[in-house]
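**Q** I'd like to ask you about the structure that follows.
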Amino acid sequence: MSIETVKARLPAFAKDAKLNLSSMLSDESLPAQQRYGLFLASAIATRNREVMVAFDELARTNLTPQAQDAARAAATVMAMNNIYYRFLHLADNRAYETKPARLRMNVIGNPGVDKADFELWSLAVSAINGCGKFINAHEKVLLEAGVTEDAIQTAVRFAAVIQSVAVALEAGDAIAPVAEVAA
């Protein structure tokens, strides 16, 4: 499945999602590896098969296999960390914060790509997953690494666009059969 196929499948009510997707795909304000890794990690975070497949196809033509794996790893490790640390943040019982997490996160220390790229991908995934603790942690590391606020905002905007495309596809698939039966 290609990005063009995904765009063609977006329902009429998702015109803004389609326009934002087109705009995002032509936006070259981030370096290629940051951009395509961000697309892939964010697509995986949506958990939408069509979106994942389309952006994986795009990543394969624009990223090294090592960068592809790092983007996949960012989505995977953030899926775990965002749940665990969001729990710590939301739980009233602060005793959990004193206990060791006992979660393997080696890829964060050695992602196989530029650390700032991996952090940017992790930030985008954390935004999709709604983990404020990790949004703040990744933003801090990125700013210390010299990544601009504009680049950070762009990364989160791209993640938001990719999430909206996934939601639109799922809504269109769910609603269209119901509307056909009602008619």
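The values are calculated or read from the model by the stated rules, or taken from the named source; none is laboratory data. Here the structure is a predicted model, which is why all the values come from computation and not from measurement. Quick reminder, even Gly has a Cβ in these numbers, built from the backbone with ideal geometry, and neighbours come from all protein chains shown.
**Q** Could you check, for region 11-21, whether at least one of its residues is within 19 Å of Lys115 (Cα to Cα) and among the charged types (D, E, K, R)?
**A** Our first condition is that a residue be within 19 Å of Lys115 (Cα to Cα); within region 11-21, this holds for none.
Taking every residue of region 11-21 in turn, none turns out to be within 19 Å of Lys115 (Cα to Cα) and among the charged types (D, E, K, R).
**Q** Also, I was wondering about something else. Find all pairs meeting these conditions: Cβ atoms under 7 angstrom apart; at least six residues apart or on different chains; first residue within region 138-151 and aliphatic (A, V, I, L, M); second residue assigned to a loop (DSSP other than H, G, I, E, B).
**A** That search, which allows pairs on different chains as well, returns Ala151/Leu30.
**Q** List the helices (runs of 4 or more DSSP H) that sit entirely inside region 7-66 and contain at least 1 residues that are closer than 15 Å to Ala151 by Cα and touching a residue at least 12 places away in the same chain (Cβ under 8 Å).
**A** Those helices (runs of 4 or more DSSP H) span 15-26, 32-46.
**Q** Tell me, which residue of region 138-150 that is over 19 Å from Ala32 (Cα atoms) and surrounded by fewer than 24 Cβ atoms within 10 Å (Cβ to Cβ) is farthest from the chain's Cα centre (by Cα)?
**A** Glu144
**Q** Separate question: Is at least one residue of region 88-102 touching a residue at least 60 places away in the same chain (Cβ under 8 Å), in contact with a helix residue (DSSP H, G or I) (Cβ under 9 Å, 6 or more places away or on another chain) and under 19 Å from Asn129 (Cβ atoms)?
**A** no
**Q** Which one of Ala159, Ala124, Ala168, Ala71 is touching a Gly at 6+ places or on another chain (Cβ under 6 Å), within 20 Å of Arg49 (Cβ to Cβ) and in contact (Cβ under 8 Å) with a residue 40 or more places away in the chain?
**A** Numbers: Ala159 fails: touching a Gly at 6+ places or on another chain (Cβ under 6 Å); Ala124 fails: touching a Gly at 6+ places or on another chain (Cβ under 6 Å); Ala168 fails: touching a Gly at 6+ places or on another chain (Cβ under 6 Å).
From the options Ala159, Ala124, Ala168, Ala71, the qualifying one is Ala71.
**Q** Also, I was wondering about something else. Which is surrounded by fewer than 19 Cβ atoms within 10 Å (Cβ to Cβ) and at pLDDT 95 or above, of Lys18, Lys7?
**A** So the residue among Lys18, Lys7 that is surrounded by fewer than 19 Cβ atoms within 10 Å (Cβ to Cβ) and at pLDDT 95 or above is Lys7.
**Q** Something else: Looking at region 127-137 only, could you name the residues that are assigned to a helix (DSSP H, G or I), touching a residue at least 12 places away in the same chain (Cβ under 8 Å) and surrounded by fewer than 18 Cβ atoms within 10 Å (Cβ to Cβ)?
**A** First, pick out the residues of region 127-137 that are assigned to a helix (DSSP H, G or I): 127-129, 132-137.
Then drop every residue that is not touching a residue at least 12 places away in the same chain (Cβ under 8 Å), which leaves 127-129, 132-135.
If the condition is that a residue be assigned to a helix (DSSP H, G or I), touching a residue at least 12 places away in the same chain (Cβ under 8 Å) and surrounded by fewer than 18 Cβ atoms within 10 Å (Cβ to Cβ), then Gly132, Lys133 are the ones that fit.
**Q** Which number in (1) farther than 30 Å from Pro11 by Cβ; (2) at pLDDT 95 or above marks the one condition that Gln163 misses?
**A** (1)
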